[in-house]
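Remarks on the structure that follows.
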Amino acid sequence: MKKLRILLLCLAALVTPVVFASPAQADDRCDQARFCLWEHPSFGGYKSYWWENDLQRNYQYDIRSWPQSRTTSSIKNNTAYYLHIWNAEGSHRCLPPGYNFWHVGSEYEDRVTHLGLYTHWC
């Protein structure tokens, strides 16, 4: 009886699917009517977001005091507006609706100091 139980346990172990833990995947989702900022390139790490209705249109917000200002490495603009971003040196970039900026760091050194949603292109 004991041998039969061991045999059944071994057979059960053979037919049981093996599940391996996979590395944590980046949460690269950004819902419609939002723009999202990630701390790492390719939409990895901590994500923060704002709804398009959270911000006044055609207004440049100074975000130097926000934690995201110093750590933004990728951005998705899923709003109906043009997301304008600036860095401390005054470099400016316009991200049209639906635009994915996967590596901010190369141009902005992971620092976005100002942003705004605009109804017009750059």
| In units of 2.2 N^0.38 Å, what is the alpha-carbon radius of gyration of the range 46-122? | 0.98
| query | Once the other residues with Cβ under 9 Å from the Cβ of residue 47 are scored (Lys, Arg +1; Asp, Glu -1), what is the net sum? | reply | -2
| task | Beta carbons within 10 angstrom, averaged per residue: use that to sort the peptides 72-78, 31-37, highest first. | result | 72-78, 31-37
| If you roll a 1.4 Å probe over the range 65-107 with all protein chains in place, what percent of the accessible area is carbon or sulfur? | 49 percent
| query | Roughly speaking, what is the stretch gain from residue 53 to residue 122, that is 0.36 nm per residue apart minus the C-alpha to C-alpha distance, in nm to one decimal? | reply | 22.8 nm
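The values are calculated or read from the model by the stated rules, or taken from the named source; none is laboratory data. Model, not experiment: these values are computed from the prediction. A quick note on method: Cβ atoms are made from the backbone with ideal geometry, for glycine too, and the neighbour counts reach across all protein chains shown. For accessibility, only protein heavy atoms count, side chains too; no ligands or nucleic acids. Shrake-Rupley method; radii C 1.70, N 1.55, O 1.52, S 1.80 Å.
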